[in-house]
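Here is the structure we will look at.
The values are calculated or read from the model by the stated rules, or taken from the named source; none is laboratory data. All values derive from a computational prediction rather than experimental measurement. Cβ: placed from backbone, ideal geometry, glycine included. Neighbour counts: every protein chain shown. SASA here: full protein model, heavy atoms, side chains in, ligands and nucleic acids out. Shrake-Rupley method; radii C 1.70, N 1.55, O 1.52, S 1.80 Å.
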Amino acid sequence: MRILVVEDERRLADLLKDGLAGEGFAVDLAYDGREGLWLATENPYDVVILDVMLPYLDGNAICARLRAAGIWTPILMLTARDTARDEAQALDNGADDFLSKPFSYMVLLARVRALLRRGIRERPAVITVGDLKVDPAGLRCSRAEIPIALTPKEFAILHGLARRAGEVITKTELLSQAWDFAYDGDSNIVEVYISALRRKIDKPFGRATLVTVRGAGYRLEA
């Protein structure tokens, strides 16, 4: 098993390398963000241990760039900051696990083993409908490479339509996509969100891709 450790604290990096090598892993080291990104891009690794605070390029940026490049090697993020915001940012950028400094080496090793058991996860699909892109993993949407800000409900409805682009989707199906089973409100709420989506994904771009099929539902066209 091959592991990349990206850590600018050389003493800690060397200790991690010695410890992991003692467990039978082949370990490469990088002491700054640029070198870490290059190594992670050019070589196949089973796990990357990635510090957040790095010279030249921080760990969150590295993680985001690797995921954007379609590299889904499991990543364990290390940070000296221990806040919910930091953990959320790391996970949102594509990290698989998060460990705050100072940490127990036994815990780090256990988490590395857990990531190895899990293996490289399948790349989440970015759904493309014409020049509209819907990224379920990143909760992002864009048209013609221009980002579009959507509310969670708007995104859920668009995702349901994009997954079955070209098909007619009923109000009931869209309700089940965006609301829980306990919802007992008016199904016409879907029309409100469809109108909001048209104002965001179609009107500014001169498109008419979100179509109402009378008596049946809605269809997203390329």
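Summary table
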item: Condition check for Asp18: open to solvent by less than 70 Å² (accessible area, probe 1.4 Å), modelled with pLDDT under 95 and among the charged types (D, E, K, R); result: no
item: Residues satisfying the stated conditions in region 24-57, i.e. crowded, with 17+ Cβ neighbours inside 10 Å and among the charged types (D, E, K, R); result: Asp28, Glu35, Asp46, Asp51
item: Residue ranges of helices (runs of 4 or more DSSP H) in region 136-218 with at least 2 members within 22 Å of Val126 (Cα to Cα) and open to solvent by 30 Å² or more (accessible area, probe 1.4 Å); result: 152-163, 171-178
item: Test: residue in region 55-74 that is of a type in the set (Phe, Trp, Tyr), over 17 Å from the mean Cα position of the chain (by Cα), at negative phi and at pLDDT below 90; result: no
item: Hits in region 71-90 - residues which are of a type outside the set (S, T, N, Q), surrounded by 15 or more Cβ atoms within 10 Å (Cβ to Cβ) and not in a loop (DSSP other than H, G, I, E, B); result: Ile75, Leu76, Met77, Leu78, Asp86, Glu87, Ala90
